[in-house]
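What follows is a short report on a single structure.
The values are calculated or read from the model by the stated rules, or taken from the named source; none is laboratory data. Here the structure is a predicted model, which means the values were calculated and not measured. Cβ coordinates were reconstructed from backbone atoms using ideal geometry, including for glycine residues, and neighbour counts include every protein chain displayed.
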Amino acid sequence: MKPMSKIVTTVTDVIIWFILTFGIYIVLHGHLTPGGGFQGGAVLASAVALFVVAYGKDRARAYLSKNFYSVVECLGLVLFTIVGFAGMKATFLYNLLAGTGGLFGNVVTQGVNPGDLNTAGIIPILNVGIGLEVVGGLSLIVISMLWGLWDVFGVHEERGGIDV
Amino acid sequence: MGNSVRWLVFLFAATFLLAGLLSIHPVGEPINTAMDDYFLAWGQAETGANNIVTSVVFDYRAFDTLGEATVLFTAVSGIVALFRGVKTR
């Protein structure tokens, strides 16, 4: 897979930051607006896919590593489980931070309101955990599938075969 | 198989499908609303989340979400194992 034209790479340079910002916004505001960890993680992983498609084989191999995304994915799942065990005094995944005034602990007003980011207890933390897990997992799927393709078909490419 | 047999099978299946379609409960008039009413009345106070869907997914049913995350983790593990570095020579 060769890098795409100058137009595509320039547009990618600009738009990839907007995609990352939007994905992080969706993950962090999961308890206020539609979205959450799964959706925001998918948006963030689409930025990785865009980078690979626009910049091609050599840049992608230089900048993206499988180990980094495996670590990110495992960290997300471990964070989720640790937060779950933290509320073990009551029950697994008990919302022990909601309404206590501490981290994410503001008391929410009843009814329709504009929303406050510092509410909802463990829900934003779980959203971040799920977001890390999904962005790591989906990026790992894209990366390992492409790396495997390149390993197999790279041999033929030297002899003027398929360009993947 | 003749044409008439095909028509018979078609009419037989279509009758049952149409009967099932016509007897579906109308959308927007649920029968058992106890759980929905509880989430709408207490979701904001108990979890502090304005988004009721998130309060169900990440608080009341968070264990189910952990299972979902595990499913994704297992799928990714399988794909990574399948597409690991293959040396052709």
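Residue-by-condition table, conditions (1) loosely packed, with under 14 Cβ neighbours inside 10 Å; (2) among the aliphatic types (A, V, I, L, M):
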site: B:Ile24; (1), (2): yes, yes
site: B:Trp42; (1), (2): yes, no
site: B:Thr47; (1), (2): no, no
site: B:Thr54; (1), (2): no, no
note = Selection over the range A:60-91 where residues are closer than 21 Å to A:Leu132 by Cα and either surrounded by fewer than 17 Cβ atoms within 10 Å (Cβ to Cβ) or hydrophobic (A, V, I, L, M, F, W, C) (or both) yields a count of 20
key: Answer from A:Leu97, A:Leu146 - the residue that is crowded, with 19+ Cβ neighbours inside 10 Å and in a helix (DSSP H, G or I)   = A:Leu146
task = Residue by residue through the range A:1-26, note down the ones that are outside any helix (DSSP H, G or I) and either in contact with a helix residue (DSSP H, G or I) (Cβ under 7 Å, 6 or more places away or on another chain) or touching a residue at least 60 places away in the same chain (Cβ under 8 Å) (or both).
result = A:Met1, A:Lys2, A:Pro3, A:Met4
message = Need the failing condition index for A:Leu96 against (1) more than 7 Å from every other protein chain (Cβ to nearest Cβ); (2) under 22 Å from B:Arg61 (Cα atoms); (3) touching a residue at least 12 places away in the same chain (Cβ under 8 Å); (4) within 24 Å of the chain's Cα centre (by Cα), just the number.
response = (4)
ask   = So B:Glu46 fits all but one of (1) without any contact (Cβ under 8 Å) to a residue 12 or more places away in the chain; (2) facing another protein chain (nearest Cβ under 9 Å); what number is the exception?
value = (1)
Candidates B:Ser77, B:Ser55, filtered to the one that is touching a Phe, Trp or Tyr at 6+ places or on another chain (Cβ under 8 Å), modelled with pLDDT of 85 or more, within 14 Å of chain A (Cβ to nearest Cβ) and within 21 Å of A:Gly37 (Cα to Cα) = B:Ser55
request  = Return yes or no: is B:Ala69 of a type in the set (A, V, I, L, M, F, W, C), at the interface with another protein chain (Cβ under 7 Å from one of its Cβ atoms) and touching a Phe, Trp or Tyr at 6+ places or on another chain (Cβ under 8 Å)?
outcome  = yes
key: Selected residue [at pLDDT 90 or above and either in contact with a Phe, Trp or Tyr (Cβ under 8 Å, 6 or more places away or on another chain) or more than 9 Å from every other protein chain (Cβ to nearest Cβ) (or both)] from A:Phe68, A:Phe85   = A:Phe68
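I'm trying to understand the selection: among the residues of the range A:27-56, which are aliphatic (A, V, I, L, M), in contact (Cβ under 8 Å) with a residue 60 or more places away in the chain and in a helix (DSSP H, G or I)?
Narrowing the range A:27-56 to residues aliphatic (A, V, I, L, M): A:27-28, A:32, A:42-45, A:47-50, A:52-54.
Those left that are additionally in contact (Cβ under 8 Å) with a residue 60 or more places away in the chain: A:27-28, A:32, A:42, A:44-45, A:48-49, A:52.
If the condition is that a residue be aliphatic (A, V, I, L, M), in contact (Cβ under 8 Å) with a residue 60 or more places away in the chain and in a helix (DSSP H, G or I), then A:Val27, A:Leu28, A:Ala42, A:Leu44, A:Ala45, A:Val48, A:Ala49, A:Val52 are the ones that fit.
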